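Below is one structure, written out as structure tokens, with a few remarks after it.
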Amino acid sequence: MIELSNPKVQIALSAVRQAAVLMRQIQQETIGSSLTKGDKSPVTVADFTSQAIIARMLSQAFPDIPLVAEETSTALREPDGAAILSNVTKYVNQVFPDANAETVCEWIDFGGAEPGEQFWVLDPIDGTKGFLRGDQYAVALALVEDGVAQIGVLGCPNLREAAILDKEGPGSIVLAVRGEGTWSTSMAEDDDNWKQLNVSARSDASRARLLRSFESGHTNVSKIDQLGDWLGVQVDPVRMDSQAKYAVLAAGGGEVIIRLLSPDRPDYREKIWDQAAGSIVLEEAGGKLTDLAGVPLDFTQGRLLKNNRGVLATNGLLHEKILEGLVVVGA
Ligand code: AMP
Ligand code: MG
């Protein structure tokens, strides 16, 4: 089992767990009304709340380790942002009763650092569209050193045992530490029933479960279908949002994650907070991760994976075969 007494592991785990529990509450409390009004504010509230809580905990424990996080407080400080800021403060107060509007903004902006030799990287809510739809999303935090993730934590409120899509259960926390494996437990605060995760042993391409974005605009659906045909896949691809896909792959609930470039955004480059936590979660469970050309992901290039195109993540066994298929279908 992972050495949980390591302060970085302990704080990262506790921060993601507390944020994820609150995210589930916000999703449940706000989603119905917002969807009918077409109002995206609950997402904004959730994003900011998650980032404020995690940034506060990291900045207090590790003031010298920079945090690269997706959000900034700019919109909250404008007159139009006042209502959202007061909502965010209300939720943050559930964890930190001493928080006020000003400290909430300061904590959020602790996440405005640039990547360096050592940094935390946070997506406070990965899979925003899934969050709004009532589907999958993840709170994703990693510690990167010299371009390699050393700690990764995923809070996945709508997964059971990291592998199964389940909106009613307690949710899953997935934790990986370089050299110590990938482990998962329930999101419930007192649950320390850790189980080690291992990728699936399926090597037969016809039975490969392909995990892909729910949002067709984030990938290339017709090329995924062509790849599936070339591989002779007999099972339907699984559409789901966020790095929760990496938890499922690490837990053996699928064999392949594929992020092809959308035909509308052929120059898209992945953001580091969309991949860092997932990368170590998968690798420590025995999986393999590269871009679509088989090149390892390079986290030394700032906020974007400038040297990579798309992502291919597999249980390892199917990796070469799929790289070959990608060349054939021209993806
Ligand atoms: P997913 O839930 O797998 O669809 O991934 C969600 C992430 O996709 C978001 O956090 C965005 O940063 C990212 N994203 C946004 N636009 C694109 C795009 N055109 N291609 C690939 N990823 C995108
Ligand atoms: Mg994201």
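The values are calculated or read from the model by the stated rules, or taken from the named source; none is laboratory data. Because the structure is a prediction, the values reported are computed rather than measured. Reconstructed Cβ throughout: ideal geometry from the backbone, glycine too, with neighbour counts over all protein chains shown.
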Cβ-Cβ under 9 Å pairs, at least 6 apart or on other chains, the range 288-312 side outside any loop (DSSP other than H, G, I, E, B), far side basic (Lys, Arg): Leu304/Arg269; Leu304/Lys271; Val311/Arg259; Leu312/Arg259; Leu312/Lys288
Every pair of residues 6+ apart whose Cβ atoms lie under 6 Å, when the first sits in the range 101-127 and is within 25 Å of Cys156 (Cα to Cα) while the second is among the basic types (Lys, Arg) and more than 16 Å from ligand 2 (Cβ to nearest atom): Trp107/Arg56
Of residues in the range 81-126 being aromatic (Phe, Trp, Tyr) and in contact with a helix residue (DSSP H, G or I) (Cβ under 6 Å, 6 or more places away or on another chain), the one surrounded by the fewest Cβ atoms within 10 Å (Cβ to Cβ): Phe110
Residues of the range 49-69 satisfying the condition of being within 20 Å of the chain's Cα centre (by Cα) and more than 21 Å from Ala83 (Cβ to Cβ): Ile54, Ala55, Arg56, Met57, Leu58, Pro66, Leu67, Val68, Ala69
Exclusive hit being in contact with a Phe, Trp or Tyr (Cβ under 9 Å, 6 or more places away or on another chain) and either modelled with pLDDT of 95 or more or of a type in the set (A, V, I, L, M) (or both), set Val311, Val328, Val295, Val256: Val328
Where a residue in the range 273-287 is over 21 Å from Gly127 (Cα atoms) and its partner, wherever it lies, is more than 14 Å from ligand 1 (Cβ to nearest atom) and in a helix (DSSP H, G or I), with Cβ under 6 Å and at least six apart: Ala285/Ala250
All positions within the range 99-136 that are among the small types (Gly, Ala, Ser), under 25 Å from Arg77 (Cβ atoms) and not in a loop (DSSP other than H, G, I, E, B): Ala101, Gly112
Residue list for the range 220-247, restricted to those being in a helix (DSSP H, G or I), farther than 19 Å from Ala149 by Cα and of a type in the set (A, V, I, L, M): Val221, Ile224, Leu227, Leu231
Residues located in the range 267-302, provided they are within 16 Å of ligand 2 (Cβ to nearest atom), under 17 Å from the mean Cα position of the chain (by Cα) and either surrounded by fewer than 20 Cβ atoms within 10 Å (Cβ to Cβ) or not aliphatic (A, V, I, L, M) (or both): Arg269, Glu270, Lys271, Trp273, Asp274, Gln275, Gly278, Ser279, Phe299
The range 22-43, residues that are touching a strand residue (DSSP E or B) at 6+ places or on another chain (Cβ under 8 Å) and modelled with pLDDT of 95 or more: Met23
Answer from Lys195, Lys129 - the residue that is within 28 Å of Leu210 (Cβ to Cβ), surrounded by fewer than 24 Cβ atoms within 10 Å (Cβ to Cβ) and touching a strand residue (DSSP E or B) at 6+ places or on another chain (Cβ under 9 Å): Lys195
Evaluation of Ser206 against (1) in contact (Cβ under 8 Å) with a residue 40 or more places away in the chain; (2) surrounded by fewer than 23 Cβ atoms within 10 Å (Cβ to Cβ); (3) part of a helix (DSSP H, G or I); (4) small (Gly, Ala, Ser) (one fails), failing number: (1)
Given (1) near ligand 1 (Cβ under 10 Å from one of its atoms); (2) not in a loop (DSSP other than H, G, I, E, B), number of the condition Val281 does not satisfy: (1)
Which numbered condition Gly217 fails, given (1) modelled with pLDDT of 95 or more; (2) within 14 Å of ligand 1 (Cβ to nearest atom): (1)
Matching residues, the range 110-149, being among the basic types (Lys, Arg) and either within 12 Å of ligand 2 (Cβ to nearest atom) or under 15 Å from Tyr246 (Cβ atoms) (or both): Lys129
From Val92, Val68, Val88, residue being in contact with a Pro (Cβ under 6 Å, 6 or more places away or on another chain) and in contact (Cβ under 8 Å) with a residue 40 or more places away in the chain: Val68
Residue tally, condition within 16 Å of ligand 2 (Cβ to nearest atom), of a type outside the set (Ser, Thr, Tyr) and within 21 Å of Val139 (Cα to Cα), over the range 231-266: 8
